[in-house]
1. Could you give the dipole magnitude of the range 132-211 about its Cα centre, charging the beta-carbon of Lys and Arg +1 and that of Asp and Glu -1, in debye to the nearest 20?
2. Counting alpha carbon pairs within less than 8 Å and at least 6 residues apart, what relative contact order, in whole percent, applies to the range 6-212?
3. Give the residues of the range 18-56 whose amide nitrogen is closer than 19 Å to a point set 7 Å from the Cα of Asp128 in the direction of its Cβ.
4. Let me have the 222 nm mean residue ellipticity of the chain computed from DSSP H runs of 4+ only, each contributing -39500 (n - 2.57), with the sum over all residues rounded to the nearest 500.
5. What is the gain in length, in nm to one decimal, between Val73 and Val184 on full extension, counting 0.36 nm per residue of separation less the C-alpha to C-alpha distance?
6. Report, in degrees rounded to the nearest 10, the 0 to 90 angle that the Cα long axis of helix 35-44 makes with the longest principal axis of the chain.
7. In whole Å, what is the distance between the alpha-carbon centres of the range 70-108 and the range 36-51?
8. Along the Cα→Cβ direction, 7 angstrom out, place labels at Ser92 and Ala154. What is the inter-label distance in nm?
Amino acid sequence: MATNDTLQLSIIGTVQGQQHVHTLHMRLQDGVGTEDGLIDAWEAGPMDEYKAIFLPADNPVQIMRAAQVCGTVPLRAPKEQVPAATIGTRGSAGWLPGPALLAQLVGERTALAGRTRQGRFFIGGVDDHDHAGNSFTIGTVNAGEPSHYGRVTAYLDALALAFVTAGGALAYRLVVHSRTLAGVIPPPQCQDSSTPVTAFSRQTLVTTMRSRRPGSGI
């Protein structure tokens, strides 16, 4: 594989009865990384913290898919894997799942300014205990268990440890990939259409994803 190729990692599952897709972009750092290697790295790294966000009634990790979106042409075919266990691992006693469209917004921050250099993603699985009014509960809930906000924080810490903080020592580097920048003619090099993530920002207000609203698209 070519150093500098950008891969899109999609974690596809079902949460509260609706499809839940978590998308990240990674740039190859060492010339030997592969789509299957990226999937394995996420599975061995932050997957446990990701699954801990969701209840056992959910299946947040049904398919892990990695696809090349920038770099060596012709683009390679996507690769998919299915983990041995797909269900969420959050304790279920006393929990009341909230509406499927509720989510926490996470911002991906880089060292450069501009909308094309900043990213975001939405993580669902919000329980009725996890917020008071419009704001997430920051501390513990339901007999001392971490809230959704705290569990997302643990996932972001694990994600950063695997794909951000080690910098150039990583085989895969988390980036913000811009389809706007990548779509110019002639196509730019991948380092010009994607920017390394340096930090995450967490929204404390509960937000929504209309695509996860029951009946959306029907």
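1. On the way: 5 positive and 3 negative charges, 34 e Å.
Charge dipole of the range 132-211: 160 debye, to the nearest 20.
2. On the way: 443 pairs, mean separation 53.2, N = 207.
Here the relative contact order equals 26 percent.
3. From the range 18-56, the list is 18, 54-56.
4. Values: 5 runs with 39 residues, N = 218.
Result for the chain, helices only: -4500 deg cm²/dmol.
5. Working: separation 111, 0.36 × 111 = 39.96 nm, distance 1.59 nm.
Here the segment from Val73 to Val184 would lengthen by 38.4 nm.
6. It is inclined by approximately 30 degrees.
7. 11 Å
8. Label at Ser92, label at Ala154, 1.8 nm between them.
Taken together, the values in this text are just the output of simple stated rules run on the coordinates, not laboratory data. Since the model is a prediction, treat every value here as computed from it, not as a measurement. Counting neighbours? That spans all protein chains shown, and the Cβs are built from the backbone with ideal geometry, glycine included.
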